[in-house]
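What follows is a short report on a single structure.
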Amino acid sequence: MQKPLRNTRVLDLTNVLAGPFCCHQLAHMGAEVIKVETPGTGDLARQLGADAELNQRLMGVSFLAQNPGKQSITINLKHAHGKEIFRKLVRSADVVVENFRPGVMDRLGLGYETLKQDNPRLIYCAISGFGQDGPLAELPAYDQIIQGMSGVMSITGNPQTAPYRVGYPVSDTIGGLTAAFAVAASLADHQRTEGYFIDVSMLEATLATMGWVVSNHLIAGRAPVPMGNENMTASPSGTFRTGDGLLNIAANKQEQFEAVCRVVGKPELATDERFAQRQARLANRAALTAALEAELASKAATEWWPLLNEAGVPAGPVLSVPDTLAHPQVRDRGMIGEFADAPGVGRDIRVVRTGFKLNREAPAVDTPPPELGQHTRAILGSLGYSDADIDQLSQERAI
């Protein structure tokens, strides 16, 4: 596959999720990603995940998930010779991505204003919880903190259970995707004569994905509220109980609502004045849900959703993660990558790739997640360091 970022070198200084996820996307698009890690410990994600033994080996599942296709070099950025090595790397790079707190790189003497002296066309992407300025800029922030402060938790769950955290690190992931988009867009400016400084705020990136919810407040003056599995814009649109299992129905158009009524054997609901029009259905949502669930109780969700789909109504079962991964729609489209006998892991591993295809093929990387410092010697050798130099740097704890 010809990949669009095949001639791009990215220095990944990031930890845990938002930054590694950003560089994970770039690696799958063909970028050469060099992960710059702290000697001895590396990315904190190396110690995170459901397999305690892998955590002890510094190959935690959380690390394995976001770092295939990358190289790993260990550099002590607090050591004078470590700084020198990093600046040499920057001269050969197109992109630097970091997710330290604002000001950390400047205090190390490796901030954007310094690095652009080495590489005037450098694209420098800083990912942080709140952005590089503002009253909260220097505060620490993990995904759950951002979910709470962005308003996501306030509208997740139903009125009895909210606020609830989304079941995966959604703000970290959105921050990483936003950063990858901004980096790729900057790289597309082939005529640039100077670099770009990209400031990604996880808080703002999360808010940007909440468009309809936020706009109802900004434009219509309506404060968002938790609605559980219901759709704020349409009814019947949400999760419904059946004779066996939950069923998602999204009848957002008038003709889809009428089709639901026919499929469940209650065409008269479509002319009932409580439900005949969109606004009436929203006002009488509970009554409509009860009427539909009384009919849906006659069959399992697995029987209902094909019938609804055939009638032109978007519908589907509520699956577990293992069930989704095993489904041929996911399994057979190249979404899952596999590495045999991955180094440092001692067994085969499977990881998710990206959510798109290029020229009908799922982008993949060729190499498994790296062991800590696995490529240090090779990368330093490419910068002109001899074996003796590298041994000396190791003794000095610069690498």
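Residue-wise test of (1) of a type in the set (Gly, Ala, Ser); (2) under 30 Å from GLU138 (Cα atoms).
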site	(1), (2)
ARG192	no, no
PHE197	no, yes
ALA205	yes, yes
THR209	no, yes
ASN216	no, no
PHE240	no, no
ALA286	yes, no
ALA290	yes, no
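Only residues that are more than 29 Å from LEU11 (Cα to Cα) and surrounded by 21 or more Cβ atoms within 10 Å (Cβ to Cβ) were counted across segment 132-191, and they come to 2.
Elements of the type helices (runs of 4 or more DSSP H) sitting completely within segment 76-158 and holding at least 3 residues that are modelled with pLDDT of 95 or more, closer than 30 Å to GLY211 by Cα and touching a Leu at 6+ places or on another chain (Cβ under 9 Å): these cover 143-150.
Any chance segment 106-126 includes a residue that's among the hydroxyl-bearing types (Ser, Thr, Tyr) and in contact with a strand residue (DSSP E or B) (Cβ under 9 Å, 6 or more places away or on another chain)? Yes: one or more hits.
For segment 380-399, taking the residues that are assigned to a loop (DSSP other than H, G, I, E, B) and among the hydrophobic types (A, V, I, L, M, F, W, C), the one that is nearest to THR173 (Cα to Cα) is identified as ILE399. Per this entry, SER128 is not counted among residues that are under 30 Å from PRO226 (Cβ atoms), in contact with an Asp or Glu (Cβ under 7 Å, 6 or more places away or on another chain), assigned by TED's automatic domain parsing to the domain that holds ILE34 and of a type in the set (S, T, N, Q). Quick check: is even one residue across segment 221-244 surrounded by 18 or more Cβ atoms within 10 Å (Cβ to Cβ), at pLDDT below 95, part of a loop (DSSP other than H, G, I, E, B) and of a type in the set (A, V, I, L, M)? Scanning segment 221-244, I find at least one residue that is surrounded by 18 or more Cβ atoms within 10 Å (Cβ to Cβ), at pLDDT below 95, part of a loop (DSSP other than H, G, I, E, B) and of a type in the set (A, V, I, L, M), so the answer is yes.
Residue-level analysis places ARG377 outside the set of residues that are of a type in the set (D, E, K, R), in contact with a strand residue (DSSP E or B) (Cβ under 8 Å, 6 or more places away or on another chain) and not in a loop (DSSP other than H, G, I, E, B).
Scanning segment 163-214 for residues being under 23 Å from VAL33 (Cβ atoms), among the acidic types (Asp, Glu) and touching a residue at least 40 places away in the same chain (Cβ under 8 Å) gives a total of 2.
The values are calculated or read from the model by the stated rules, or taken from the named source; none is laboratory data. Only a predicted model underlies this, so the values are computations on that prediction, with no experimental measurement involved. Every residue, glycine as well, gets a Cβ built from its backbone with ideal geometry; the counts of neighbours run over all protein chains shown.
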